[in-house]
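The values are calculated or read from the model by the stated rules, or taken from the named source; none is laboratory data. Computed from a predicted model, the values in this text were never measured in an experiment. Quick reminder, even Gly has a Cβ in these numbers, built from the backbone with ideal geometry, and neighbours come from all protein chains shown.
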Amino acid sequence: MSMMRLCQISRLSRATFYRQPTALEDDSAIEVRDRLQELACENPSYGYRRLTAALKREGFRVNRKRVLRLMREDNLLCLRKKRFIATTDSSHGLPVYPNLPPTLNVTGLDRLWCADLTYIRLGAEFIYLAVILDVFSRRVIGWEVGRSLDAGLTLSALQKALAQRTVKAGLVHHSDRGVQYASREYTNLLKASGITISMSRKGNPYDNAFAESFMKTLKYEEVYLQEYETLQEAKASIERFLEEVYNQKRLHSSLGYLPPVEFEQHHHQHEQENTLALIYPP
């Protein structure tokens, strides 16, 4: 069994296994080191920047250089493997739409949604996950897991997003050119909801960089750390990660090291304060 797994099961820091506190470390230094070990076990793919931000949020006075040094000493720096499989079938005769994100200035929630899907390997089969993100807050606002890579999967994720968000004038939905997103059922629902459709250029994954980045995070921080046996087991674990970890706890550098839900709360508060200032000027 790996040391990381022992760490997760026992809820003990790696310092317990690798080292004893030296006479040169005071209690506060030991506390920082132990908490860093715990955070690294809880978030095994976090780099030193995110761990530094996490420690600061808890009141520790640390900087990136110190955290990086401690991680090197305690063998906490993670190595990542690249894995890729194509899930996009753009060889169809359905209408495609222009790539709009480069023309947008996203300054608020529900201005730009991006959608993507990926595969997940079980013991004896593949299943698929479709997600929709709000680009401004990086929050997952709709998702679905299923066995079939068809339009029904992406349609269900879209319906969930529409059920919990407010469609604002000018909202753009961006995806790749895959048949799942170009299907009549999917595009008709977008149009009926008053949402403008945008699609990546052919063969250019960088046009959907926000979704690609999320999928990488999902794989390294959830999927590759698990060994799902059934669809139900995978769905329950992924739901916990998306709703409880990614949306509510994971720190995002692009959000000032805030989780998406907390970032949205701050944004709503800021909007309310601005509105009150317009109604009741000082």
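The single residue among ILE127, ILE132 that is under 28 Å from LEU255 (Cα atoms) and assigned to a strand (DSSP E or B) turns out to be ILE132. One residue stands out in the range 178-199 among those that are at pLDDT 95 or above and among the β-branched types (Val, Ile, Thr): the one that is nearest to LEU162 (Cα to Cα), namely ILE195.
Looking only at residues in the range 229-258 that are part of a helix (DSSP H, G or I), more than 15 Å from the chain's Cα centre (by Cα) and charged (D, E, K, R), which one is farthest from VAL135 (Cα to Cα)?
GLU233
Table: residues versus (1) surrounded by 12 or more Cβ atoms within 10 Å (Cβ to Cβ); (2) modelled with pLDDT of 80 or more.
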| site | (1), (2) |
| --- | --- |
| SER13 | yes, no |
| GLN37 | yes, yes |
| VAL67 | yes, yes |
| LEU76 | yes, no |
| LEU79 | no, no |
| ILE85 | no, no |
| ASP89 | yes, no |
| THR103 | no, yes |
| ASP110 | yes, yes |
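The condition (being touching a strand residue (DSSP E or B) at 6+ places or on another chain (Cβ under 7 Å) and either in contact (Cβ under 8 Å) with a residue 24 or more places away in the chain or outside the structural domain of ARG111 (by TED's automatic domain parsing) (or both)) is satisfied by just one residue among SER137, SER156, SER193: SER156. Go through the residues of the range 218-228 one by one and say whether even a single one is more than 21 Å from the chain's Cα centre (by Cα), in contact (Cβ under 8 Å) with a residue 24 or more places away in the chain and surrounded by 13 or more Cβ atoms within 10 Å (Cβ to Cβ). Looking for residues that are more than 21 Å from the chain's Cα centre (by Cα), in contact (Cβ under 8 Å) with a residue 24 or more places away in the chain and surrounded by 13 or more Cβ atoms within 10 Å (Cβ to Cβ), one finds none in the range 218-228, hence no. Sub-9 Å Cβ pairs linking a first residue in the range 47-72 that is touching a residue at least 40 places away in the same chain (Cβ under 8 Å) to a second residue that is assigned to a helix (DSSP H, G or I) and surrounded by fewer than 17 Cβ atoms within 10 Å (Cβ to Cβ), at least 6 apart or interchain, are ARG49/ARG64; ARG49/SER253; ARG50/SER253; ALA53/SER253, ordered by first then second residue.
When you scan the range 146-228 for helices (runs of 4 or more DSSP H) that lie fully inside it, which ones turn up with 3 or more residues that are under 16 Å from PRO95 (Cβ atoms)?
Ranges flagged: 179-182, 184-192.
For the range 163-183, a residue qualifies if it is over 19 Å from VAL106 (Cβ atoms) and aliphatic (A, V, I, L, M), and the qualifying residues are ALA163, VAL179, ALA182. Can you spot a residue in the range 259-271 that is touching a helix residue (DSSP H, G or I) at 6+ places or on another chain (Cβ under 9 Å), at pLDDT 95 or above and not in a helix (DSSP H, G or I)? Checking the range 259-271: at least one residue is touching a helix residue (DSSP H, G or I) at 6+ places or on another chain (Cβ under 9 Å), at pLDDT 95 or above and not in a helix (DSSP H, G or I). Consider TYR228 carefully, then state whether it is out of contact with any strand residue (DSSP E or B) (no Cβ under 6 Å at 6 or more places or on another chain) and modelled with pLDDT under 90. Criteria met by TYR228. Looking at SER254, SER213, SER198, just one residue is within 24 Å of SER175 (Cβ to Cβ) and free of Cβ contacts under 8 Å to residues at least 40 places away in the same chain, and that residue is SER213.
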